[in-house]
Amino acid sequence: MSAESTPGPGIPGPGAKATSHRKPRGAGRRALLVTAWTAAGILVLGGTGVGYLYFKLNGNLKTVDINQALGTDRPTKVDNGSENILVLGSDSRSGSNKKLGGGTDDGSARSDTAMIIHVYKGHKKAAVVSVPRDTLVDRPSCTDAQGTTHSAATGVMFNSAYSTGGAACAVKTVESITGIRMDHYLEVDFSGFQKLVDELGGVTVTTTKNIDDRESHLDLKAGTHTLNGKQALGLVRTRHGVGDGSDLGRIQLQQAFVKALIDQVKQVGVFTSPKKLYDLADTATKTVTTDSDIGSVDSLIGFANGLKSISSKNMHMVTMPVEYDPANPNRVIVAEAKAKLVWKALKNDRPIPASATKGTATGQAKGVVTSS
């Protein structure tokens, strides 16, 4: 969990394809829709224990006040009925995450996965733009949640924003790149992702090729599998097990898994089992860090109700237009002209045009994982 996280308000806390040969440092975890569905389901718990459960779940939530940290130096909020949400997967090596993530427990964390989710007016459709962690960007100066100001830097990896100044600096960097204000922020970590998948009873996917990656501890033969939490974590971490070994290929696997996860959430009968619902809600609220605007059960329920109608078929998933850095094939840079087409579409609450991503750098894992 990020270092600046605090307990919920008012409750005491409990181009040419190139192969990257660098060891994977982290994973993508996306539990946005899981959180939304389970939080919304709290409404049907009923009975005399509701008060206790409400306060317990409320106390689970961790928040960060993005608005206070960033102040007024932000893009103007567009009031057209749409919402923009930054979802990060953090790879802290501390606590229960060390065993899952590997590496040194140095107290730091990185945002190895970042997704900008644009929920269109009417909340029936969404666009998801994945931001490669290895993208070289100009990071703006920013103030973190503890009030410490961090100097601007040029030509640094995108995920350095989070490791430098936490959630606030990650949001500031995304807003600087896109020119779009992020209305909300959610963060998920290693151990929470694995627990959520296990409590859902696994997630079913079909692999069209064998996937064998010792570094992410994943060995799957081509076919249909119901992945447990450990296997799911391995899938969203894998780079060398399939495709060209790049982070762009891993993003393609992650996006396919997110769609399968959403389908699984809609199929599982959590609303017929109060215990299953509570277990999921308990894990989900412990797993995420949110911005303070949705940092209570009431707010999260309202937020969830605005998302639960979005199915995987109505989610258009792309990767931010990038090209390989001529000076370093292990890094990518923003394809500015193409990226502007993406940001313009989202600002105007319109679909992302196919021309925005045509001809940009991409991985070689598309179609390897599909929903079953």
- Note on the structure: Residue pairs within 8 Å by beta carbon, gap of at least six or interchain, first lying in the stretch 266-289 and closer than 15 Å to LYS56 by Cα and among the aromatic types (Phe, Trp, Tyr), second modelled with pLDDT under 80 and not in a helix (DSSP H, G or I), listed first then second, are TYR278/LEU45
- Task: Output the number of residues of the stretch 214-225 satisfying the condition of being open to solvent by less than 70 Å² (accessible area, probe 1.4 Å), of a type outside the set (A, V, I, L, M, F, W, C) and more than 18 Å from ASP244 (Cβ to Cβ).
- Result: 2
- Query: Which ones in the stretch 189-213 are over 25 Å from LEU88 (Cα atoms) and either open to solvent by 60 Å² or more (accessible area, probe 1.4 Å) or not in a strand (DSSP E or B) (or both)?
  - Reply: THR208, LYS209, ASN210, ASP212
- Do we have ALA167 as at pLDDT 95 or above, in contact with a strand residue (DSSP E or B) (Cβ under 6 Å, 6 or more places away or on another chain) and open to solvent by less than 30 Å² (accessible area, probe 1.4 Å) here? no
- Query: Within the stretch 226-237, is even one residue of a type in the set (Val, Ile, Thr), more than 22 Å from MET115 (Cα to Cα), part of a helix (DSSP H, G or I) and open to solvent by 10 Å² or more (accessible area, probe 1.4 Å)?
  - Reply: no
- Message: Anything in the stretch 122-136 that is open to solvent by less than 10 Å² (accessible area, probe 1.4 Å) and in a strand (DSSP E or B)? List them, or say none.
- Response: ALA126, ALA127, VAL128, VAL129, SER130, THR135
- Query: For the stretch 329-372, what are the residues that are among the β-branched types (Val, Ile, Thr) and surrounded by fewer than 16 Cβ atoms within 10 Å (Cβ to Cβ)?
  - Reply: THR370
- Query: Looking only at strands (runs of 3 or more DSSP E) that fall completely inside the stretch 278-355, which ones have 1 or more residues that are hydroxyl-bearing (Ser, Thr, Tyr) and over 22 Å from VAL258 (Cβ atoms)?
  - Reply: 322-325
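The values are calculated or read from the model by the stated rules, or taken from the named source; none is laboratory data. Since this is a predicted model, take the numbers as computed values, not measurements. For neighbour counting, all protein chains shown are included, and Cβ atoms are generated from backbone atoms with ideal geometry for every residue, glycine included. Ligands, DNA and RNA are stripped out before the accessible areas are found, and what is left, the full protein with its side chains, is counted by its heavy atoms. Shrake-Rupley method; radii C 1.70, N 1.55, O 1.52, S 1.80 Å.
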